[in-house]
Amino acid sequence: MTKITIFKKNGKICEYQIKGHSGYAEEDNDIVCAGVSTAGQMGLIGLKEVLRLDVEFDCKEAYLHVVLKDFQNVEAQAILSAMEKTLEDIAKNYDKNVRMEVREDVC
């Protein structure tokens, strides 16, 4: 199962973590894992490469952890909100393979 945790402070995303394989299909054919991974990477690339923000991250096999230092940035929140909605939709449609949790006021 893939576990997604989004951390917020005052309703703004400041950090997120994605870990594990979904188990929906074999590794090279797992569309659920691919969708989750793409959404998480899009968030990171949007913050780092498009907005050029200071982002701390750790990325390895079946694991992504991203911490945004300037989480008050409006453009960053737009990118992260789109990512969150995408991940929410995947978790809703594949609830046996993806679990998503949002933790408030923990950053």
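One table, with the values for the structure above:
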{"item": "Restricting the stretch 16-26 to residues that are in a strand (DSSP E or B) and not aliphatic (A, V, I, L, M), the residue that is least open to solvent (accessible area, probe 1.4 Å)", "result": "Tyr16"}
{"item": "Qualifying positions in the stretch 50-69 - among the acidic types (Asp, Glu) and touching a strand residue (DSSP E or B) at 6+ places or on another chain (Cβ under 7 Å)", "result": "Glu56, Asp58"}
{"item": "Close pairs from the stretch 80-95: first more than 14 Å from Met1 (Cα to Cα) and of a type in the set (D, E, K, R), partner modelled with pLDDT of 95 or more and open to solvent by 30 Å² or more (accessible area, probe 1.4 Å), Cβ under 7 Å, at least 6 apart", "result": "Glu88/Met100"}
{"item": "Output for the stretch 70-80, where each listed residue is surrounded by 14 or more Cβ atoms within 10 Å (Cβ to Cβ) and either among the aromatic types (Phe, Trp, Tyr) or touching a strand residue (DSSP E or B) at 6+ places or on another chain (Cβ under 8 Å) (or both)", "result": "Phe71, Ala76, Gln77, Leu80"}
{"item": "Residue tally, condition out of contact with any helix residue (DSSP H, G or I) (no Cβ under 9 Å at 6 or more places or on another chain), of a type outside the set (A, V, I, L, M) and not in a strand (DSSP E or B), over the stretch 55-84", "result": "5"}
{"item": "Matching residues, the stretch 57-69, being more than 17 Å from Thr38 (Cα to Cα) and open to solvent by 60 Å² or more (accessible area, probe 1.4 Å)", "result": "Lys69"}
{"item": "Pairs where the first residue, in the stretch 36-49, is small (Gly, Ala, Ser) and the second is open to solvent by 60 Å² or more (accessible area, probe 1.4 Å) and modelled with pLDDT of 95 or more, C-beta under 6 Å, 6+ apart", "result": "Ala39/Thr86"}
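Residue-wise test of (1) in a strand (DSSP E or B); (2) open to solvent by 40 Å² or more (accessible area, probe 1.4 Å); (3) aliphatic (A, V, I, L, M).
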site: Thr5; (1), (2), (3): yes, no, no
site: Cys14; (1), (2), (3): yes, no, no
site: Asp28; (1), (2), (3): no, yes, no
site: Gly43; (1), (2), (3): no, no, no
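The values are calculated or read from the model by the stated rules, or taken from the named source; none is laboratory data. Since this is a predicted model, take the numbers as computed values, not measurements. FYI the Cβ positions are ideal-geometry reconstructions off the backbone, even for glycines, and counts take in every protein chain you see. With ligands, DNA and RNA removed, areas are computed over all heavy atoms of the protein, side chains included. Shrake-Rupley method; radii C 1.70, N 1.55, O 1.52, S 1.80 Å.
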